[in-house]
């Protein structure tokens, strides 16, 4: 692997790990999608405890689980496709040779880049599969929720359940988000086959895009405003 390609790979890993650490740290002190949605999930669990019929809640949870299952299955299919492409480097190099800016011109470099792509999707698979397992745990927690007549006026029991269940749902969502980030960086890595400079530019742009969406997006402003105007619990 050329020095510039090695530095490009390190640049991507540094930005990826650095942004993950930054986002997790900032979520504790700054308003972002993760912190706001945690409040909504707690509100959801409080509403669940007041409903005798919880079929709608089970349906919502099933939608979340199906999303994680879909991406986990897709990751496996992509990994299988990448393994196939690794054995067809000649055909791939021929196709790239028609692109004027393509820098992938050796079998070794092709295989290195394919391995990086495969590693990204293997990581994504583990994140989505763990998210799916966490959502299964949430199903158990919701299934164990006390009935309306059992709660009575016990505010402490209500708060404990809503807090615990909201945190486990947020944990599942966090790992789902990790998997989605892997997909973002994998799409940027596709440009690496064409030009290493394009790769560096797109990886940097991905981090900027993720930061904007999680900390300054219009969706966050709407959710934050809605939260401030949400009816308070008696």
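The values are calculated or read from the model by the stated rules, or taken from the named source; none is laboratory data. All figures in this text were calculated on a predicted structure; none of them were measured in a lab. Backbone-built Cβ (ideal geometry, glycine too); neighbour counts: all protein chains shown.
See the values below:
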{"read-out": "The stretch 140-171, residues that are over 17 Å from residue 43 (Cα atoms), under 28 Å from the mean Cα position of the chain (by Cα) and part of a helix (DSSP H, G or I)", "value": "140, 143"}
{"read-out": "Filter result (surrounded by fewer than 16 Cβ atoms within 10 Å (Cβ to Cβ) and in contact (Cβ under 8 Å) with a residue 40 or more places away in the chain) within the stretch 123-138", "value": "136"}
{"read-out": "Selection status of residue 123, closer than 18 Å to residue 185 by Cβ and at pLDDT below 95", "value": "no"}
{"read-out": "Residue among 57, 90 that is in contact with a helix residue (DSSP H, G or I) (Cβ under 6 Å, 6 or more places away or on another chain) and assigned to a helix (DSSP H, G or I)", "value": "57"}
{"read-out": "Residues within the stretch 8-29 that are touching a helix residue (DSSP H, G or I) at 6+ places or on another chain (Cβ under 7 Å) and either closer than 15 Å to residue 170 by Cα or not in a helix (DSSP H, G or I) (or both), tallied", "value": "2"}
{"read-out": "From 23, 27, 34, 8, residue being surrounded by 13 or more Cβ atoms within 10 Å (Cβ to Cβ), over 24 Å from residue 149 (Cβ atoms) and over 20 Å from the mean Cα position of the chain (by Cα)", "value": "8"}
{"read-out": "Failed item in (1) surrounded by 14 or more Cβ atoms within 10 Å (Cβ to Cβ); (2) at pLDDT below 90; (3) closer than 30 Å to residue 50 by Cα, with residue 85 passing the rest", "value": "(3)"}
{"read-out": "Residue 178 vs. criteria in a helix (DSSP H, G or I), modelled with pLDDT of 90 or more, surrounded by fewer than 20 Cβ atoms within 10 Å (Cβ to Cβ) and in contact with a helix residue (DSSP H, G or I) (Cβ under 7 Å, 6 or more places away or on another chain)", "value": "yes"}
{"read-out": "Tabulated pairs, the stretch 42-55, first modelled with pLDDT of 90 or more, second outside any helix (DSSP H, G or I) and surrounded by 13 or more Cβ atoms within 10 Å (Cβ to Cβ), C-beta under 9 angstrom, 6+ apart or interchain", "value": "45/145; 48/54; 48/145"}
